[in-house]
Structures are given as structure tokens and as C-alpha cells.
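The values are calculated or read from the model by the stated rules, or taken from the named source; none is laboratory data. This is a predicted model, so every value here is computed, not measured. Glycine gets a Cβ as well: all are built from the backbone with ideal geometry, and neighbour counts include every protein chain shown. Ligands, DNA and RNA are stripped out before the accessible areas are found, and what is left, the full protein with its side chains, is counted by its heavy atoms. Shrake-Rupley method; radii C 1.70, N 1.55, O 1.52, S 1.80 Å.
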Amino acid sequence: MTALLELEGVSKSFGGLRVIDGLDLAVNEREIVSVIGPNGAGKTTLFNLITGLYHPDAGQIRLEGRNLVGLAPHRITKLGIARTFQTLRLFLNMTVKENVMAAQYGRTKAGPFRSIVRTPGMRREEREIHQRAEEKLAFFGKRLMGYRWDQPAYSLSYANRRRLEIARAMAAEPRILLLDEPAAGMNPVETHEITELIAKLRDDGGYTILVIEHDMHVVEGISDRVTALDHGVKIAEGSFEQVATDPKVIEAYLGIGAAEEEADADAAPA
Amino acid sequence: MHLPLLNIIDTVRQLGWGGAFELLRNGIVLGSVYALIALGYTMVYGILKLLNFAHGDIYMVGAFLGYGVLSILGGPLAPTIAMVPLILLMFLGGMLGSGVLGVVVERFAYRPLRNAPRIAPLISALGVSFFLANSALLLTHGERFNYAMYQLGGDPNTGLPGPLNQPAFSVAGRPVTVVQVLVVSTSIALMIALTLLVSRTRLGKAMRATSYDREAASMMGIDTDRVIASTFFIGSVLAGAAGVMFGLYIGETYYLMGFLAGLKAFTAAVVGGIGSIPGAMVGGLLIGVTEAYAAGYVGGQWSDVAVFGILILFMLLRPSGLFGAKTIQKV
Amino acid sequence: MSEPERPAAPNASDAAGRPKIGVDEWVASAEERHERSRGLGGLVSRGWEGSPAEAKLIVFVALASTLPFWMNEGELFSYGLYTLLYALLALGLNIVVGFAGLLDLGYVAFYGFGAYGYALFSSNHYGLHWQAEASIPLIVLGTAAVGLILGLASRRLLGDYLAIVTLFFAQAFVAFVNNSNPKVAGEGLTGGPNGIPGVDPLNFFGFKLHSTKQYYFFLLIVFSLAAVGLYFLNNSRTGRAWRALREDPLAAEAMSIPVNRLKILAFMFGAGTAGLTGTIFAAIQTGVVAGNFDVALLITIYAIVILGGLGSIAGVLFGAIVINVSTQFLAPSNDHPELKRWLFYGAILLIAAKIRPWSRTAAVFVGTAAFGFVVHAIASGISSDWTNGTVVDAGSAASAIRNWVIVPSGHTGFQTWAYIVLVAAIVVTSQLKGWWRMAALIPTLYWVAVVWENVLVQQSAVTALILFGVLLIALMQARPQGLLGTARVEIV
Amino acid sequence: MKKLSIVAMLGVLAVLATAATGASSATNALQAPTGSAGLANALVTCGTTRTIGIAYPATGPAASIGQQQFRWAQFFQTRWNKAHPKDKVKFVQGDTKLPDTAAALAVAHQFASNSSILGLVGPAGSQEVQDTVAVFKSAGLAVVSGSATRVLLTRSVGGDQRETPAGYFFRTVPNDGQQGDRVASYIASKLKKKRVYIIDDQESYSQGLADQVESNLKAKSGYTVGRDHVAQTVSDFSSVITRIPSNTQIVYIPWQLPPKAQLFYTQLRAAGKTATVFGSDGTFAPGTFTGAGSYVSAFPVDFNSKEIKAYRAAHGGQDEAFGLPTYSAAIVNAMAIMKACKNGTASRAEVRTNVKNIKVPKAASLLGFPVQFLSKNKGKQQGPGDMGGTADFAIFKIGAGGKYTRVG
């Protein structure tokens, strides 16, 4: 069985600085893979490469065997990869529901002229867009329901903004969701919720998920597999236990020689 | 039937090297005026991300203030005081007056909008531009005042050159006059002063910090309102100097002169990479020289079209301007 | 005056202390303000927000259709017809700037393309007299195609760089039509500085529009249709995608929205609307000339869109009404000097009446009146030529003004200095605090009257533009998000 | 539901539209949207003060000349009202913002609907006249302009139709054709110079004159005629001057703004070129355009007359002639209205008929010739609405001290 998403020898540098260096990565259907690594390890760059915001200097990125390198980001999303952003890039002045509806652009067809005269086909499609948006929002229970639909996104709390980002990514109807630090800035209760949600996304939603996360509790709770990066190079891969105890990983997080001094590597770095 | 291209080649041949130099000279002199105005644009943009459309009108006010000093102190035919202090006083009046005006404009039209959507101060700037230009129209009845009425540049009757229009030196048989040297050297001096101010002084540091991140700067104890006011003051002082220089060189001041000059300076700032100080200088010169060559070789009516056409091409090829930082999009 | 919480325009010195738009605190305070606004203003604003879009449209059309029945021809032309023309033009700009967030400063060039296109197809210039039902669709498509080309050329440019390229495009357009005299284009494509005169009226299937009223109703119908169409478009997949790309092009791209294609589409729709408006303009004007498409028009249209509230269709209409009616009303050809005088003094009184407590307001008013008589007495004591100038167009108020305001005759420099002193006095007064300010206010207020009578009334056309500039500044401070716009969060 | 209500609304709108506007009666002649027709013959009670509309560019790029025109009109008003206390005039101003003709059209509609307005001075620009004359015509107003000089406004030339209806447009200024002919023949037969360079300033007036002179000179053999154009906003002519061949004898600059001519003159001399500068009536301004040795074509105005001295005393500033024809246009209107008001009432139709027959003697017009309008074509250049008679240009030479002397 070939993997759903495959990266082979992907490299990227910015002005001489190698951010990703010959990276191989495979994500199988309905798998949750976590990417960990210290700040500056190249995790977000990896996401940007997969989604087409950056073009790799070398290497191949394939979705179901189809090469993605060189495609525009919106084409890649249409092929089945959607993401969230670490820094939160919601459409702040649009309502919650509109945010989700906007992401269905690639899945719908009605052109501007049909929209102006409101043909029956266009209205049917519009109803479907509404319906699907409501479904996606319903995934988050009461958090994003009811009166919140018509509120502008900027009025949401931080945690809700993270949830809305996920809902918006879901609305693009992808096969793979790339989640960039979904639990950042959340309190323990919300973090717990997000952990459950990610599992639910895979189990009920049928998504394959690639996630960047710093919170080791979250990583432990959700991951089928964990990949650790440092300076753009993969330094470890395997189950959470394998990776978390790998001396190279501990060294990367805590600095050279830290592995010997700090036996208690349990403390997850922020 | 003449093909336009052949016409141009003909003209180039006809004008020869002397003509080519003359056009270059014209372009550099005019371009250094644009560059000074562009500096004000670019500084304000750098710090507030605001296109200060009223900047051209501050330049216009500077030119009128210089004229005011000239008409009070310089008698029509023989100035009542010596020429050098007279010119210095004109610069002083034009620059200080414009500087104060810039601060007042910032205080009344932009500061209350500090936290408003970005487009609001833009409209406010248009309002200021309307206000200043039409106030000048009201006060001058739209008349064009001519610095050359006073015998600095030359005798208006005989056209004999005055002290400012005497040739200072010549290249390829084409003279470069005193006023042209004055304009170029003054603007170079002001640009050096500005560069030193931005790179060496406390205020310069505060300006750079504020333009990088206003909020962070204010948390670090920088009084950002004062820094912004100073930026407006300095930018307007430069515009005032440009106004006086233009007056001395060309002679004419009138109420709408700020608009087109502002447009060209804005262009210069963007071509150079908006926010960049050396960019504004080079952009200004580039515009001036392009304009001169287009007018000289292609024809007066096409000079603006040529400038716009070349710049459009340029922008399309290098969208962030000459000195604009090519930023990596941070995601 | 139902919104007492609005900071007074020119002397709002508390900018630093005000909450930032978009911050939670601000959201809460905006809600509160909204809840609190009572009285007629609050009722109207809540009623406005509560009613559905089609009701708003019907109310507008119903009110607008009554105009021809109570306005004379000149009023209908300058207030009615031009408001609609500007509104239609601004509607197109709203697509580009309001929906898609592209700073297009070349917009009037498309308007020019439409107008010149119609002038070429339906005039004596080439002897073509196409029917409007043939020429208008062709021109609208042609203009949209030009929009496509400009969009394609500048699709990679962002923000201010896009602005500059499009601004040049507009300038190049004006320069081109002004220069395409016989020597350039062989046949005199655009008529050069003389423009193209004698353009046909709009002529649909043999039915010719030939009066202001007919054009007014025609424009009303076109505007309503365009507004409805854009409303639908804005609430469709395309509209959402435009707004998404305005908010965050990168995120939009990542959410399967082809950003470049949508930008170009926005350009095309904007250009097409401008082209349509241009054809109507050329027909109304019976001629076109390069001067019709200058930057002043661009500024007006931008002011309309931004004043009304970016991205709001009703806002565009509101902005057009405010901008056009105020400029036309202030223009000297609108011959109501007395009315303008009383409105001016009324506005000054209203601003002064914002002083609290009331006793101070009364003190300032009484003080100003007394101050005026004293100054007048002293001035006439010095020399009679300080007070014996003629008061312009004063009607019934002439004697009151003559005995209170000094109107000198024969002092040529007076006007200039009076105006400069006034501007300086306003600047100084606004910076003073407490009793000093009260003390400075009295002579300043009096001086306002002096300048009005001596300078501004004399040159009413220029005054109109000065007041327009002040109006723009004041409106932006009172409502930075525009009249009907919703406050926005900006990512810089 | 939504759709239905909109359709219904449009239906109602269509009914209203037809009700309000009545059936269309297609006419082919002049087609501006109009409708103040009722005012053309309406009788207005005259009283002691009558209203004249004055359309001029008070703001915008042409404000400097527009404001001159208005100052001359004000000067006229003061003098006239002193002399005719029972037949006073007052002006309603209209700002036409030249070159944006849209503003002129709005002014035209407002004037047309303002029933108190009996006569009209302006608009200033030929393009403005072209676009507004239909509105004024339908309202019965005659257009009396002091500065719209395009030949086609009064006279068909070649295949081009005249652009205003006869009897509705008059001008108190000789036209471009007359001036162009005069200048070309002066250059050819008096100055006898064969190398001429023509620069227009890219507006209607200037281009018309430049074309006329260019074609007249080119029609003669042995002439080298160069041509360039500069925008009116330009004040740095150095590069345009570089382009002028150094053996050029005459540079003809038919421009609107005298200060620009002076700038051009000083810059030309500063660049070391000695060609003679030849200006037009637009550049005629003793005190502003003072370049010695230059020529200017203008009306044969007598600047030593006491009226012009009085103007200078009242309004300050330099001598200039651009606004003078506006003074004459105001006289024409005031006289026509006074005549119509003999019986206490007047209508626009009456005033318009009177305008056609007004005679302003040479001394009163200040222009150096009497004002009186042709009713049929005269020569190649003039048609109904032009002045005919001795209304033509004179050539002045600027001498030492900036003194203007008539030489032809």
C-alpha cells in the first residue's frame, strides 16, 4: 500500500539557510502523524511546502502518487489537503459561518453570472453550502453554534478561533488535514477537548491528520506516529515512546549535553 | 509619413552628446527636487503606513513662504539685503513654516485616527489636501507668483541671466548654472543630514523602532506620538526646502503645484521602494531623468506618458521597488 | 444629536486612551454604544439594521421616484441625476476596493473608456450612430476586457504597488486621449483636447431619452438592478471569496480560492460597471473630453465609497448622497446665499453648544456678541473705512451683520491676513485648556464670522471646496469606518 | 418572494417613469437631456436688480484665468450699478472647473432652472460651450462668452458642422481662425522669418490656434515649421527647449497663461537660445509677460484709458486682457436686459433677441473695437455670433521695460 501523502528528499533553503534538508515523510490513510521539534526546526515550513505556499528546491511531494510540486496552493487544497495556521489567519471581518462557507469555494461551481441572476442550480448549491457549513460547525458541539454563526470572527475567543480554523479547513473537504499547533494558547480543559476532537476527526470524520504540536500531552494522546525534526532534518521517527526517549530528540530540545544532565525529560518544553 | 521611432532617432542624432548631457542635467536638477519631496512621503509611510496625500501641498506652502520672504526682503530690482543671507532666510522661512504646518496637520488630521482603519487617514489626507490647496487658491486668487520677478534669476525684461543663472561650469559646451548646482548640492546635503539623523541620533533610533513596531516601541518607553510628530516635521521641512528650491530654479509658485509634484514624488518613493530613504533619492532622480529624456527625445506631450509607461513596466518587473526589502512571507 | 458619546471632531485629544478597534474591549464598548443610542437616531439606526435588504431598496426607490415631482430641472439634474451617476460609478469601485480589497487608483480610466467608447460608436465623430442596445453591451464587454488586461498585468502586485501602477494607468489614459490628435492616430481617434462633441442620446430600439427626468428614471432603474445584482453576487460563492481574499489573501489561497483569478474577476466587474456608467455619462453630457476623467473625480468616488463604508452597497448610495448633495449644495450656482449663511452660523453655534456646562455656553455666546459690538465700535472709531464695506448677498440679515461684523473696504491685505489669523486662532484655541480656552473661544468665534463675511462669502466656489475638505476630515474622525460600514479589524 | 417584490417594484417604477416624463418626441438636432423649456418665454418682473448668470472656472487648473474673468465682471457690476441705479445687475456665479465639462453642465442646468436668471456670461472654454449650449437653448438663454474661441462654434469649416445653433451663441472675442490668420501673415510678411517652431499647451484654445498658424505657414513655400506640445501643468520647460533647433527664428506659443510665457521666455534665454517668442492673446499681460523683443497678438486695447486704470486701482495686480472680453460680455447682457425691461417685465426670449442686435461702442467695450454680432457668415472664419466689423487682433511688440507697443 502506498502512503496517502509522501515526501521524498524535500529540501528548502532561504538565502543560504537550509530550513528543510532532504526530508522523507509518509502519511498513510486515516493515520494521525505528529511533527515535533524545537522552534526553528522547520515544521511550519514543511506545512508551507506541502500546501504549495513555498516551492521546494529539490525533492518530490506526492498525494496518492500525484506530484504536487509546482501546483498553486488552491489547486493543492482542491486535490485534498487543507490546513490551519499557527498564527491564526481567519477572515476576521466575516461571520463565523461565512468563514466556513468561503472555504467551500473549490468544491462548488456557480459562477458570478449565475449568482447574479440566481439560477435554480445556483440556489440549490447555495443551500448545500449552508448545510455543509452548519455540519462542520456542529462538529464542535455548542462552541460554535447558534448565535455565534452570525457574529464576526474577530469577536471569538482565542480557543474558538482555533476551532473555527479547523472547521474552515474541514470545509474545504480535504482528505488530509494539516493542523499547525491546534492546542497553542489553550487552557488544560480546552487542550483536553482538542485532543479528543482530533481523535474524533479521524474516527468520525475519516480524515488523515498531520499535526504540529508542542504540547507533549496532546502529542502523546493522539499520535499514531511521531516525527521529530531538528534543523530541517528528521532525527527520529516512530511511536511516541520511541521518539520521546530518543537521546537525539532530548538533545535537540534541551541543548547539547542536556540529555545527561536532565534525566527527567518529562517536562515538555513550551 | 514619419515613423515615430525614426523621428526619435533623428532627434537623438540632432541633439548629439551636448543635448544628451543637457537633458541629463535637467533631469538631475528636477529629480533632486522630486527626491526631497519623496523623502517626506517615504518617511511618513515608513512610520505610519500612511500615504500622506497632503504632502505635495505642504511643498506648495513652502514655495509660497519662500516667495513671501523674498517679496518682503528683496526689492523688485535690487534686493535690499545681500543675496546669500536672503536665500538663506528664504530657505529658513520655507522650511520652518512647512515643518510647523506638517506637525499641525498631523496633530489635527491624523493623530485622532491613529487606531482607525488604514483607509480613514487616507481620506483625511485628501481632505487636508483639498483644504490646503484651496486655501492657497482663496488667498492668492489662483495667481501664479514668480520668483523671477525679483532679479535673482535674471532680468524678466531682457532675459539676461542674474547671479543665480550665471554658468558655474560647463560640460560638452553646455553650461551648468549656479542655481542648478545650488539645487543639487542642497538636496544632497539635506539627504546626508537626514541619513545621519536616522542612523546616528537618538531620535533616529526611536524613529526606526517606531516604524518597525509602534506598539512595541511605545512599551519600551518611546513617546511614539512625539516621534511621529518629529517625522512629520522633518519630512515637511524637506518638502519646504524643495518648494523654495523649485521656486529659485523655475520661478513659479501657484496653488495647484503641489498636486503633480506630490504625484511624481509618490511615484519616486514607490519606485525606490517605499519606506526606504536611499530608494526615495534614487527614485526621484530616475523620474526626473526619464521625464527629461522623454520630453527631449520623444516630445513634450509624451513626457508624462513615457514616465508612466516605463514605470509601469518597471513595477511589473520589480514589484517591491529598487530598494524595497524583498520580504519573505511569514506564515 | 442623539449620540452624545461621539468625540467632538477636531479636538479629540484622547486618541491614545481610546480602545482599539477590534480589541475585545472595543467590541464590547461598540455594542454598548449601540444599545444605548436612544431617541430618533437610535430608532432609525436600529430600524435600518433590522430591516431586510429588499425593504431598504423599496424604501429608497419609492423616495427617489418622488424627486422629479417636487424638484425643478436643475435640482433634479445636479442632486438627483448626478447622485445616481456617482452611486453607480462607486458601486463598481466598491467591488474592487470594498469587496476584493484592491487599491485600484486607475478606476476612472474605465469610466473614460466607457464614455469614449460610446462617443465613438454613437456620434458624428465617425458617423456611426449605433443604437444604445447594441453599443452599450459591446462597450461594457470591451471595458471589462481592458480590466482583464490591467488585472492580468498587475496580478502579482500588492497594496500600494498596485495603487501606483493603476494610478499611472489612469494618468496614461488621460494623456493618451488628450494627445491622440490627427497627427498621432491618423484619423483623430479621440479629438484631442477638444474631445468628441455631439454624442447621441441613449436610444433603445428607437426610443430616445431626451429629458433629465427620463435619464433620471433610467438611471434609477439601472442603479437598482446593479445594486440588486451586486447584492446577490456579494452573498454568493464569488462574493465570499472576494471578501476572504480581502481579509487574508494567503489564507484564502490555502482555502482553495484561486486568488489571482478572483482579483482579475473583481477588476473586470469593476471595469464593466465603470464602462456602463461612462456610456450613460457620455450620453447625458452629449460629449466627452479628457478633463472629465481626472484625479479629482477619482477622489470624489473614493470619498463616496469610503465615507459610505467599504463593502456596503447601501453605504455607497449613502456616500454618494452625502458627497454629491453637499458639494452641489455648497457650489455657488446653487443660488441660496442666505440659506447657506444661516446654515453656516447654525453649524458654528451647534459646535459651540457642545461646551458643558450650559452656563459656559451661554457665557461664550453672550461674550461673543458683546465682543463683536465692542470691536465694531472701536474699528469704526479708528476709521470709517474699517466698517463700511458692502456685505454680500445678505438680504434681511444685512443690517444685523453690518453693525456687528467688521467689513472693511479698501484694505487689500485684510482678507489674506484675516484668513491666516483665523486658522492660527483655531489651532491655538483647540490646544488650550479650561478657562484659557473659553477666553480664546470668544474672539475666535467672532473672527469666524469676520472671515466668513469678508473672505468666504466673496469666493463661494473656493469656499465650497475648502469646506468639503474640512468635512472629509471631520467625518473621518467622527466615523472612521464610514457611515454605514461596520468597524473592521485590520491586519497590518 | 424576494424576486417577486423586486419585479413588482420595477414595474411600478416603469409606470412612474412614463407618467413623469410623458411620451418621447424624438428630435435629431441637439440632444442634451433638457426640460426647462417653460422658462424660455416666462415673463420675469424686473424690479431694480436683474440677475445674470456667470459661468467661469473659479477653481481647478484654470482658476487663475477664471478669477480674472470674474474680477472684470465685478468691476463691470460696480461701474454699471453706479451709473444705472434703477437697472442694477447682480451675478449668480457658477464654477465650471475647466477642463471638467461635467461641472459646467451641472451649472448650465442650475442656471437654466433658475427663473430669475435672464442673461448669461460664459462659459469660458469652447468644450464647455459645446456641451452646454443645448441646455441653455432649451431654456431660452443666449450664451455670451468672452473666451470660447474655437472657430467651429460659429462657423462651419470644411466638412465640420458648426457646433452651436445660430442665435444662441455669441462671443465678444475674435476667434482662433482670425487670430491664426493674423499671426501667420504677420510672421510671413512683416517679420519675414521662415524657421518657426510652434508649441501648444494641450488645450482646446491653444491647439486650435497652433493648428491654424501651422497650416497657414506650411501652405507657403520655404518654411520650416516644427511642432511640440507641453502640458499646461509643466513649468520646467528646459527639456522642451533643448529640443528646439538652435537656428529657429520664431517660437510661437499660443498659451492660456501669461506667467508660463514669461517662464518660457526666461528659460529660453537662460538656455542661450535667441529665437523670438511670439505669444497669443492668452499670454497678453503687460507686467507679467515682459520679455523684451517678444511679440503678442491681442485686442487693440488702450491700457492708458481711465477705465483700465480704474480697474487696476480697484483690483490691484498686473494688467491683463484675458478677462476683458468678459467685461464686454457682461455689458452686452446688461444692455439687452435693460432694453427688455423697459416695460417692467422681461423674458429670456426677449433678452436673447436683444443680444443679437446690441451695439456696444468702441469706447464702452474697452476692447479697442465696437461689439456687435454678425447675422450671417463673413469671410472664411466668421459666422453668426461672431463680431465682424473691426473686431480683430492687433500685434504688439514688447520693448524695454516690458512696454507693449502696437506694431500691426
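Once the other residues with Cβ under 11 Å from the Cβ of D:Phe396 are scored (Lys, Arg +1; Asp, Glu -1), what is the net sum?
For residues surrounding D:Phe396, the net value is +2.
When the accessible area of each residue in the stretch D:261-310 is compared between its chain alone and the complete protein assembly (1.4 Å probe; ligands, DNA and RNA ignored), which residues differ by at least 40 Å², being lower in the assembly?
Those are D:Leu263, D:Ala270, which lose 40 Å² or more relative to the chain on its own.
Quick check: pseudo-label points 7 Å beyond the Cα along Cα→Cβ at A:Arg75 and B:Leu88, how many nm apart are they?
According to this spin-label approximation, the distance is 6.8 nm.
What residue among D:Gly388, D:Pro325, D:His315 has its Cα farthest toward the positive end of the dipole of the stretch D:269-408, where the charges are +1 on Lys, Arg and -1 on Asp, Glu, each on the Cβ?
Of D:Gly388, D:Pro325, D:His315, it is D:Gly388.
Answer with one residue from B:Ile87, B:Val307, B:Gly46: the one whose Cα lies farthest towards the positive end of the charge dipole of chain B, charges on Cβ with Lys, Arg +1 and Asp, Glu -1.
B:Gly46
When we measure straight from the Cα of D:Lys82, which aspartates and glutamates land under 18 angstrom away, once same-chain ones fewer than 8 places off are left out?
C:Asp393, D:Glu307
Determine the per residue accessible area of the stretch A:92-157 with all protein chains present and a 1.4 angstrom probe, expressed in square angstrom.
47 Å²
Just the number please: accessible area per residue for the stretch D:179-218, 1.4 Å probe, all protein chains included, in Å². Let's see the in-between values first.
Numbers: 1300 Å² over 40 residues.
Here the per-residue accessible area is 32 Å².
Once every Cα of the stretch C:65-330 carries one equal point scatterer and solvent is ignored, give the base-10 log of I(q)/I(0) from the Debye formula at q = 0.13 Å⁻¹, two decimals.
-0.82
Rank B:Ile234, B:Ile277, B:Ile188 by mean-square fluctuation in a GNM of chain B with C-alpha springs under 10 angstrom and give only the top-ranked residue.
B:Ile188
How much of the DSSP beta bridge set in chain A is antiparallel, as a percent to the nearest 5?
Details: 20 of 36 bridges.
Among the beta bridges of chain A, antiparallel pairing accounts for roughly 55 percent.
When we measure straight from the Cα of B:Lys205, which aspartates and glutamates land under 19 angstrom away, once same-chain ones fewer than 8 places off are left out?
Reachable aspartates and glutamates: B:Asp213, B:Glu215, B:Asp223, B:Asp225.
Using label points projected 7 Å from each Cα along Cα→Cβ, tell me how many nm separate B:Arg114 and C:Ala134, to one decimal.
For B:Arg114 paired with C:Ala134, the spin-label model returns 6.3 nm.
Please give me the summed charge of the neighbours of C:Arg360: other residues whose Cβ is under 12 Å from its Cβ, Lys and Arg +1, Asp and Glu -1.
Summing Lys and Arg as +1 and Asp and Glu as -1 gives +3.
Starting from the Cα gyration tensor of the stretch C:211-368, multiply each eigenvalue by 5, take the square root, and state the resulting semi-axes largest first in whole Å.
The answer is 40, 26, 14 Å, longest axis first.
Mean-square fluctuation check for chain B, GNM, Cα pairs under 10 Å: which of B:Ala269, B:Ala189, B:Ala38 is largest?
Of the options given, B:Ala189 has the highest mean-square fluctuation.
List the residues of the stretch C:287-324 for which accessible area in the full set of protein chains is at least 50 Å² lower than for the chain on its own; 1.4 Å probe, protein heavy atoms only.
Residues meeting the cut-off: C:Ile299, C:Ile306.
So in chain D, what percent of DSSP beta bridges are antiparallel if you round to the nearest 5?
Values: 13 of 45 bridges.
If we restrict to bridges inside chain D, about 30 percent are antiparallel.
Can you find, among C:Phe205, C:Ile149, C:Tyr79, the residue farthest towards the positive end of the dipole of the stretch C:65-330? Put +1 on the C-beta of Lys and Arg, -1 on that of Asp and Glu.
C:Ile149
For D:Lys359, which aspartates and glutamates qualify as cross-link partners when the Cα separation must be under 15 Å and same-chain residues fewer than eight apart are set aside?
Within the straight-line limit of under 15 Å, D:Lys359 reaches these aspartates and glutamates: D:Asp386.
Suppose R0 equals 60 Å; then what is the FRET efficiency for D:Ser185 and B:Arg208 from their Cβ-Cβ distance, rounded to the nearest 0.05? Please report the intermediate quantities before stating the final value.
On the way: r = 67 Å, r/R0 = 1.12.
Efficiency, from the Cβ-Cβ distance: 0.35.
Ignoring ligands, DNA and RNA, what accessible area per residue does chain C give at 1.4 Å, in Å²? Please list the in-between numbers first.
Values: 18870 Å² over 492 residues.
Solvent-accessible surface per residue comes out at 38 Å².
What full-extension length gain, to one decimal in nm, is calculated for D:Arg227 and D:Thr345 as 0.36 nm per residue of separation minus the Cα-Cα distance?
Fully extending the segment from D:Arg227 to D:Thr345 adds 37.1 nm.
Roughly what % of DSSP beta bridges within the protein assembly as shown run antiparallel, to the nearest 5?
Antiparallel bridges: around 50 percent, rounded to the nearest 5.
Taking the Cα centre of the stretch C:65-330 as origin, work out the dipole magnitude from +1 charges on Lys and Arg Cβ and -1 charges on Asp and Glu Cβ, in debye rounded to 20.
Taking the Cα centre of the stretch C:65-330 as origin, the dipole is about 460 debye.
Quick one: with all protein chains in place, what share of the accessible area of the protein assembly as shown is carbon or sulfur, to the nearest percent (1.4 Å probe)? Walk me through the numbers before you get to the answer.
Working: 34840 of 56500 Å².
Carbon plus sulfur share of accessible area: 62 percent.
Roughly how big is the stretch C:77-200's charge dipole about its Cα centre, with Cβ charges of +1 (Lys, Arg) and -1 (Asp, Glu), in debye to the nearest 20?
My answer is approximately 240 debye.
Summing +1 for each Lys or Arg and -1 for each Asp or Glu, what net charge is found among the other residues whose Cβ lies under 14 Å from the Cβ of D:Thr49? It would help to have the intermediate numbers written out before the result.
Numbers: positive: D:Arg50, D:Lys82, D:Lys86, D:Lys88, D:Lys90; negative: C:Asp335, C:Asp393, D:Asp87.
Net of charged neighbours comes to +2.
Which residue fluctuates most in the GNM of chain D (Cα springs below 10 Å): D:Ala336, D:Ala219, D:Ala349?
D:Ala219
Just to be sure I understand: if you take the accessible area of chain B alone plus chain D alone and subtract the pair, with a 1.4 Å probe, what total do you get in Å², rounded to 100?
2900 Å²
Hey, rough spin-label estimate for A:Glu251 and C:Ile420, points 7 angstrom out along Cα→Cβ, what's it come to in nanometres?
Reported label-point gap for A:Glu251 and C:Ile420 is 7.7 nm.
Which helices of chain B meet both criteria: a Cα extent of 24 Å or more along the helical axis and a mean Kyte-Doolittle score no lower than -1.0, with helices taken as whole DSSP H segments? Present the calculation step by step, with values, prior to reporting the outcome.
On the way: long enough: B:4-48 (48 Å, 1.02); B:55-73 (27 Å, 1.24); B:83-105 (32 Å, 2.28); B:119-140 (32 Å, 1.83); B:178-200 (32 Å, 2.04); B:224-249 (37 Å, 1.26); B:277-293 (25 Å, 1.28).
Span-like helices here: B:4-48, B:55-73, B:83-105, B:119-140, B:178-200, B:224-249, B:277-293.
Once the Cβ-Cβ distance between D:Lys397 and C:Thr412 is put in as r, and R0 is 41 Å, what FRET efficiency do you end up with, to the nearest 0.05?
Given R0 = 41 Å and the Cβ-Cβ separation, E is 0.80.
Which links in D:Lys88/D:Lys403; D:Lys190/D:Lys362; D:Lys260/D:Lys356; D:Lys309/D:Lys376; C:Lys213/C:Lys263; A:Lys97/A:Lys234 stretch past 30 Å when you go from one Cα to the other?
From D:Lys88/D:Lys403; D:Lys190/D:Lys362; D:Lys260/D:Lys356; D:Lys309/D:Lys376; C:Lys213/C:Lys263; A:Lys97/A:Lys234, over 30 Å: D:Lys88/D:Lys403; D:Lys260/D:Lys356; D:Lys309/D:Lys376; C:Lys213/C:Lys263; A:Lys97/A:Lys234.
Can you give me the angle between helix A:188-200 and the longest principal axis of chain A, using Cα atoms only, in degrees from 0 to 90, rounded to the nearest 10?
Value to nearest ten degrees: 70.
Sum -39500 (n - 2.57) across every DSSP H segment of at least 4 residues in the protein assembly as shown, then divide by the residue count to get the 222 nm mean residue ellipticity, nearest 500. Please report the intermediate quantities before stating the final value.
Numbers: 54 runs with 794 residues, N = 1501.
Taken over the protein assembly as shown, the calculation gives -17000 deg cm²/dmol.
Hey, which of these cross-link pairs are over 19 Å Cα-Cα: D:Lys193/D:Lys397; B:Lys264/D:Lys273; D:Lys193/D:Lys220?
Check vs 19 Å cut-off fails for B:Lys264/D:Lys273.
What residues of the stretch D:50-88 lose no less than 30 Å² of accessible area with every protein chain in place versus their chain by itself (probe 1.4 Å, heavy atoms only)?
Listed by number, the residues meeting the 30 Å² cut-off are D:Thr59, D:Pro61, D:Ser64, D:Gln67, D:Arg71.
Just the number, please: buried accessible area between C and B, total of both chains, 1.4 angstrom probe, nearest 100 square angstrom.
That pair hides around 5100 Å² of surface in total.
Dipole size in debye (nearest 20) for the protein assembly as shown around its Cα centre, Lys and Arg Cβ +1, Asp and Glu Cβ -1?
Charge dipole, the protein assembly as shown, about its Cα centre: 4780 debye, nearest 20.
Using alpha carbons only, how many angstrom separate the centre of the stretch B:237-267 from the centre of the stretch D:51-94?
A separation of 32 Å, based on Cα centres.
For the pairing of chain B with chain A, what total accessible surface becomes buried, with a 1.4 angstrom probe, in square angstrom to the nearest 100?
Answer for the B-A pair: about 400 Å² buried.
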